[in-house]
Amino acid sequence: MKSRRITMLQVAGTYIGTIVGAGFASGQEMLQFFVGFGSMGLWGLLVVTLLFIFFGYIIMELGFKLKASSHLPVVRETGGRILGTFSDGVITFFLFGALTAMLAGSGALFSQEYHIHPIIGSLFMAVITLVTVLGGFQEIINSISIVVPFLILSAVGVSIASLLMGSGTALAEVRLPPSGFLRNWLWSAIIYTSYNSVTAIAILAPLGYAAEDRRMMRNGAILGGLGLGLGAVAIYFALRVHFHSIKDVEVPMIMVAGRISPFVRGIYGVVLLAEIYTTAVGNLYGFAARLCGEAMHKTGSYAYDPTTRKHKKRASLVILGSTFAAFIASLAGFSNLVKYLYPFIGYCGLITLLCLVYHRYKS
């Protein structure tokens, strides 16, 4: 057991890697949830950073207490039979939906940057995600936490470089037409936190079980939340400066990187693929753990692990089937998934977050 415990940096890195993905690093999320509200979007990002720290810690703490192998014990503990069942359904559905969005994002990137059919890009991401998840929970932690620092530094670096090169350009005072889901900057920040946090429960709960103690979880949540906030703010400013040229692009941050140099654009394309990969891995694991992991939880095992002999065949079939279904669903397109699926799940996820807060302070 001790040999499989994790460090604070792995906690923070896995937290960040679970959140960042096609929507975050591509700039689509920042564009639709924050840039469209002009300067008030910055206040929204401050709120998001604080909420990520808060919810990251309490989810991991519950995972630690309940020895959770999936999100299910957490939502049952906090929501009871009725609300817990509802939250379970929302999270399970969105884990699959977010996996679909990651595969679609990979397809959009391959099409925009490399002029390769999007089906090839989606298939490529599906295969490498599948192979990683079949390797088990520890392999997932290692793969995500190792690449995350490079991903955040790259996003921040590209954003800062684009701002310096466009230093004579004022921040565009822009406003996208409000959608039916996102009416103001504060509500947008809450919805953004909601759909990201409810999805993250699937990884944060078993991550909390794997952590050494509450201090490690707290410091990991703080570091992870600050890293997410820093990356989001950097992307926000880069998109504000170049808003009029990127507002209708599927992958706007690629366009921003291209204004620096073709080489930087190529490098950022690779970085974006890596960020899509980290989130896709977390989503596929969480979805498979929900379908197969309760039996593992009852055995008292460390965490759901598809390499365990007793459950290997069933888990492998679930992982394979889930990946194939997500690949088919990804043909709906990337920006449409970000625009409609994410806010919808954010609204549903508010019930889960309210249950977490109520349980925390009732206890």
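The values are calculated or read from the model by the stated rules, or taken from the named source; none is laboratory data. Small disclaimer: the values here were computed from a predicted structure and weren't measured. A quick note on method: Cβ atoms are made from the backbone with ideal geometry, for glycine too, and the neighbour counts reach across all protein chains shown. Only protein heavy atoms, including side chains, enter the accessible area calculation; ligands, DNA and RNA are left aside. Shrake-Rupley method; radii C 1.70, N 1.55, O 1.52, S 1.80 Å.
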At 1.567 mPa s and 4 °C, Stokes diffusion of the range 216-268 via Kirkwood alpha-carbon radius, µm² per second: 103 µm²/s
Note to self, the chain gives a 222 nm [θ] from helices alone (DSSP H runs n ≥ 4, -39500 (n - 2.57) apiece, / all residues, nearest 500) of -27000 deg cm²/dmol
The helix 185-210 Cα axis meets the longest alpha-carbon principal axis of the chain at an angle in degrees, between 0 and 90 and rounded to 10, of 40 degrees
Packing rank of 223-232, 198-207, where each peptide gets the mean count of other beta carbons within 10 Å, highest leading: 198-207, 223-232
May I have the count of lysine pairs in the chain with C-alpha atoms under 22 Å apart, counting pairs 8 or more residues apart or located on different chains? 13
If all Cα-Cα distances of the range 186-301 are sorted into 5 Å bins from 0 onward, what percent lands in each bin, rounded to whole numbers? 2, 9, 12, 18, 18, 15, 11, 8, 5, 2, 1, 0
Around Met255, with a cut-off of 14 angstrom between Cβ atoms, what is the net charge of the other residues, counting Lys and Arg +1 and Asp and Glu -1? +1
What is the diffusion coefficient of the range 1-160 in µm²/s, taking the Kirkwood radius over Cα pairs and the Stokes-Einstein relation at 25 °C with a viscosity of 0.890 mPa s? 137 µm²/s
Charge tally for neighbours of Leu45 with beta carbon under 15 Å away, counting Lys, Arg as +1 and Asp, Glu as -1, is 0
At q = 0.15, 0.24 Å⁻¹, what base-10 log of I(q)/I(0) does the Debye formula yield for the range 197-242 when every alpha carbon is treated as an equal point scatterer in vacuo? -0.52, -0.87
With every protein chain left in place, what is the accessible area per residue of the chain in square angstrom, probe 1.4 Å? 39 Å²
Charge tally in the Cβ shell below 14 Å around Gly79, where Lys, Arg are +1 and Asp, Glu are -1, Gly79 excluded: +2
Using only Cα atoms, find the angle between the long axis of helix 309-329 and the longest principal axis of the chain, and express it within 0 to 90 degrees, rounded to the nearest 10. 30 degrees
Heavy atoms only, probe 1.4 Å: what % of the accessible area of the chain goes to carbon and sulfur, would you let me know? 68 percent
Here, the chain modelled as identical Cα point scatterers in vacuum has Debye log10 I(q)/I(0) at q = 0.06, 0.14 Å⁻¹ of -0.19, -1.11
Principal-axis tilt of helix 8-19 within the chain, Cα atoms, nearest 10 degrees: 60 degrees
